[in-house]
Structure formats: structure tokens, C-alpha cells
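The values are calculated or read from the model by the stated rules, or taken from the named source; none is laboratory data. As the structure is a computational prediction, the values presented were derived from the model and not from experiment. Please note: Cβ atoms are built from the backbone with ideal geometry, for glycine as well, and neighbour counts cover all protein chains shown. Heavy atoms of the whole protein, side chains included, go into the accessibility calculation; ligands, DNA and RNA do not. Shrake-Rupley method; radii C 1.70, N 1.55, O 1.52, S 1.80 Å.
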Amino acid sequence: MIELQNVSRLYRSDEIETTALHNINLTIRQGEFVAIMGPSGCGKSTLLNTLGTIDRPTSGAYLFNGVDLAKLSEAKLAQHRARHLGFIFQSFNLVDDLTIYENIELGLLYRQGQKGSRRQAIETAMDRVGIAHRARHFPHQLSGGQQQRAAIARAIVGNPDLILADEPTGNLDTENGAQVMDILKGLNASGATIIMVTHSPSHADQASRRVDILDGQLVASVAQML
Ligand code: ADP
Ligand code: ADP
């Protein structure tokens, strides 16, 4: 599904040049659940943003189902993201003055579809994460765990085949973190490919592969027994 070939990403600001990613080679097959680990500042978010086409490599190639994404225009990339990707963040990133239902609807913003089928998709997504009873509430009325589950519903409402999660359990207590992991594993079991940045070894252990990044370089990629 995904092939990164010699991907590097440099940041230049004033006189300072930072190599956030250095010659990354990584192949991820459909249906994998990959955990990315590494110390702060090693390039994990840059890697995830690159995989999410929010960031472009300075050099190297990114093939998605055989298509070289560097050759796509911004408009085509937006279409690619809407069709294939779902994003989950550490801090949930829900919109405060929209209801949970309306927040989840944002996940369908760039999708076609009649009102009825959109509503059906939103209700299916809410049921999947157990948040339907909060549809009319606003984010601040929900616990952190509920907010993250709503954010997952927003990420999956368009049925993405690739879910990118940047420390999805980083702001949650043990119990809510475990719930989020269970939801991600369920989505993976029903076919979604998942790539998750995490600082939690016990959560990384639940993935089918662990990738370690150090100073912008991929230093290990290990399949895990589940
Ligand atoms: P991590 O997610 O592992 O903490 P990041 O991918 O955020 O690491 O950052 C990797 C390196 O790139 C760090 O040295 C960081 O300071 C630098 N970096 C990240 N984003 C930018 C940016 N927009 N401009 C300049 N440097 C950046
Ligand atoms: P309850 O009244 O049982 O607490 P809610 O008011 O949260 O339930 O939601 C009732 C139903 O209305 C749900 O099926 C939900 O999908 C739907 N719903 C909630 N908010 C909206 C909205 N903004 N637009 C359309 N339907 C909505």
C-alpha cells in the first residue's frame, strides 16, 4: 500500500538546517497496524505528516498503491486525503462550537452523498465508538475519552483505508487509553491499515509491527507476535 523510498525532509529557517527525516525506506502493506516510536524530536510527526501528505519530502519518493504522490497537484492530494485517509490527534482537535454530530460530519466535508446516506454514515461511526448518546452535546461537555472517541468517529466516517494517529492515547488515562486501543484494533481487524505514533510501550506492543526512529533515521522495523 505504502512505499517510502529514500525519503528525506529538511527544514530550513534562517541559517539553521534541520534534517527531520534522513533516507527513510519503509514499506507498509494493507492491513498492517504499525506503531512508530522514538524520543521527542526524532522525526515521528514529520514522518506521520509525510505519510498523510500534509508534508512533502524534500527528496525521495512516496508511492501509494503504486501512485507517485509527488506528481499530484494540491487539489489531487486533497482528493487523495478525502478518499483514503483518516487523522487522529493527541489533543482530539474537535471544533468547540459544533456538536459531536456536526464535528463527525466534518469528516465528510469533501465527500459526495445525499443527506440520508451521510446521516447513516455518521450514525454508524458514532455507534462504532459508542458515542451516539452524545450526538447533540458539545465537546466541552464530554470527558477526554469521549472526545477522543468522537474524534475517531470523525476520522472513520468516510471509511478511510489508512488511519494515521499521532499519540492518540497521549492525553488519556489508562482506562480510556485502553478503550481507544481496542477501537483501533477493531478498525484494523475490519481491514483498515493503521499507523500510530506512541510513547507507550504497552500500546506499541499491541501493533503488528514496531518501527523505531532515532535522529530522523529508521533504526528498526520489527514484526510482532500478537
Ligand atoms: P517528533 O514528532 O519525533 O517529536 P518532529 O517530527 O516534530 O519530531 O521533529 C523532528 C525535527 O524537525 C525536530 O528537530 C524539530 O525541531 C524539527 N522540525 C519539525 N517541524 C519543523 C518546522 N516546521 N520547522 C523547522 N523545524 C522543524
Ligand atoms: P438523545 O436525545 O437520546 O440524547 P441525541 O439527541 O444525542 O440523543 O441524538 C438523537 C439522534 O439525533 C441521533 O440518532 C443522532 O444521530 C441525531 N442527531 C444528533 N445531532 C444531530 C444533528 N445536528 N443533525 C442531525 N441529526 C442529529
Inset, instruction - Tally the DSSP beta bridges in the chain and give the antiparallel ones as a percent, rounded to 5. - result: 55
Inset, instruction - Kindly write out, for the stretch 111-127 in residue order, the coupling ³J(HN,Hα) from the Karplus curve 6.51 cos²θ - 1.76 cosθ + 1.60 (θ = phi - 60°), rounded to whole Hz, with x marking Gly and Pro. - result: 10, 6, x, 6, 3, x, 6, 5, 4, 4, 5, 5, 5, 4, 5, 5, 4
Inset, instruction - Calculate the dipole size of the stretch 98-164 relative to its Cα centre from +1 charges on Lys and Arg beta carbons and -1 charges on Asp and Glu beta carbons; express the result in debye to the nearest 20. - result: 120
Inset, instruction - Can you grab the distance from the C-alpha centre of the stretch 112-140 to the C-alpha centre of the stretch 49-66, Å, no decimals? - result: 31
Inset, instruction - Express the Stokes-Einstein translational diffusion coefficient of the stretch 1-131 in µm² s⁻¹, to the nearest whole number, given a Kirkwood radius over alpha-carbon pairs, 4 °C and a viscosity of 1.567 mPa s. - result: 76
Inset, instruction - Quick one: compute the contact order of the stretch 93-226, relative version, from alpha carbon pairs under 8 angstrom and 6+ residues apart, as a percent. - result: 21
Inset, instruction - Could you pull out every residue, at least 5 positions away or on a different chain, whose amide H is within less than 5 Å of the one on R9? Hs are placed 1.01 Å off N in the peptide plane, and Pro or chain starts have none. - result: A20, L21, H22, N23, T58
Legend entry - Theoretical ellipticity at 222 nm over the chain - DSSP helices of four or more residues, -39500 (n - 2.57) apiece, nearest 500: -9500 deg cm²/dmol
Legend entry - ³J(HN,Hα) computed for each position of the stretch 183-199 - Karplus, 6.51 cos²θ - 1.76 cosθ + 1.60, integer Hz, glycine/proline x: 5, 4, 5, x, 5, 5, 5, 8, x, 6, 7, 10, 10, 10, 7, 8, 9
Legend entry - Most mobile listed residue (H84, H140, H203) in the chain, GNM with C-alpha springs under 10 Å: H140
Inset, instruction - Can you check what the net charge comes to around N176, using other residues whose Cβ is under 14 Å from the Cβ of N176 (Lys, Arg +1; Asp, Glu -1)? - result: -3
Inset, instruction - Considering the options S45, I104, I2, tell which one lies farthest towards the positive end of the dipole of the stretch 1-136, charges being +1 on Lys and Arg and -1 on Asp and Glu at the Cβ, about the Cα centre. - result: I104
Inset, instruction - Take peptides 114-126, 151-163, 167-179 and line them up by average Cβ neighbours within 10 Å, highest first, as a rough protection proxy. - result: 151-163, 167-179, 114-126
Legend entry - Å² of accessible area per residue within the chain, as computed with a 1.4 Å probe and no ligands counted: 50
Inset, instruction - Would you kindly derive the ³J(HN,Hα) couplings of the stretch 96-105 from the backbone phi angles with the Karplus curve 6.51 cos²θ - 1.76 cosθ + 1.60 (θ = phi - 60°), listing them in order in whole Hz, with x for Gly and Pro? - result: 4, 9, 10, 5, 4, 4, 5, 4, 5, 4
Inset, instruction - Rounding to the nearest 20 debye, state how big the charge dipole of the stretch 1-150 is about its Cα centre with +1 on each Lys and Arg Cβ and -1 on each Asp and Glu Cβ. - result: 540
Legend entry - Fully extended contour minus Cα-Cα distance, from S117 to N25, at 0.36 nm per residue: 29.1 nm
Legend entry - Accessible area of Y101 in the full protein assembly, 1.4 Å probe (Å², nearest 10): 50
